[in-house]
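Novice: Quick one: the structure is below, and I'll ask about it shortly.
What follows draws every value from the coordinates through simple rules; no lab data is involved. Here the structure is a predicted model, which means the values were calculated and not measured. Neighbour counts are summed over all protein chains in view; Cβ atoms, including those assigned to glycine, are modelled from backbone coordinates with ideal geometry.
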């Protein structure tokens, strides 16, 4: 048994035993009472058969497979991320086999290289208790006597502090955040297309869920070099393009779900739990999903803002005063990538010897990173000649 004050703990996922470092790689603690409380840990696969005794585990971690384990409290009504990932990758790989030219992959590349690959998953259960979920906790059911509580290190992390999006932070980076695009949300008129069922509970119960991924890296907002960060963004554009060709939309892009694999020098798209098939209405397509600071403008407002005026079908529907349902599309994913790129510029301090007038103009627009929404508005409301000078 690992000592009480040890830096590691053991867990079993899909009948395999992993040794997990207590200090998280990333900690996206819940921003709200019913948040997902996502944390990611570095781990090693020490035994392929968890039924075997612990003295058969691999003790030299250099010889064990290094993985990342994500813990999250998943909405009980949402499909497990592993199933969504498998469905997306199957659709992409079918095209890769049948007609690889459609994916426009660089020579020698494989589609899976652009994604964080999930190898195992499992819903957490407690012995003599059942599934670890909020339904039992909120009902007041006591955990079995002797249940082990693992206290992880929430202060010192292997990466940069990820608590952006908390109530006292002016920047909200995740889909649970409440302050993203604050001014726009206050001034815009949100027009939900599909009404919420009156029998649906306001707070859904959540299930403790773990996934194991084969790729470990840093989230994009931890990367200090802009050339590395923008190369990773280019890789993510390729990933989104392949998803689009396969009929899927990503629907929730932020720096936190773009992983930079430093060993391979590439960006990988992760966290596909919000991905949907483009033409399936029953998949909840009209629900407003995304990270507020990086969400497409149309999704925030709740209606189309950019339509082809020569589109006869659109004109016909408009003339009949019918509502055109807003459908998340590939353009919205690309717009999110644009906002991420601008976010990186706002939050980067470039050190060089440029003292020209043009540099001072750029500094004025991209300063004060913690007030990014205000400066974003200034950037796009600036005089056209001044904006042309910057770009």
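Novice: Send over the Kirkwood Rh of the range 45-133, from the inverse of the averaged 1/r over different Cα pairs, rounded to one decimal Å. Show your work: numbers first, answer last.
Specialist: On the way: mean 1/r = 0.0597 Å⁻¹.
By the Kirkwood definition, the hydrodynamic radius is 16.8 Å.
Novice: Here is a further query. Taking the mean number of other Cβ atoms within 10 Å as a proxy for protection, how do you rank 9-20, 127-138, 232-243, 42-53 from highest to lowest? List each step's numbers first, then the result.
Specialist: On the way: 9-20: 18.7, 127-138: 13.7, 232-243: 21.2, 42-53: 15.9.
Per-residue mean Cβ counts within 10 Å order the peptides as 232-243, 9-20, 42-53, 127-138.
Novice: Would you order 38, 244 from fewest to most other beta-carbon atoms within 10 Å of each residue's own beta-carbon? If you can, show how the numbers build up before the last one.
Specialist: On the way: 38 22, 244 17.
Ordered from fewest to most neighbouring Cβ atoms within 10 Å, 38, 244 come out as 244, 38.
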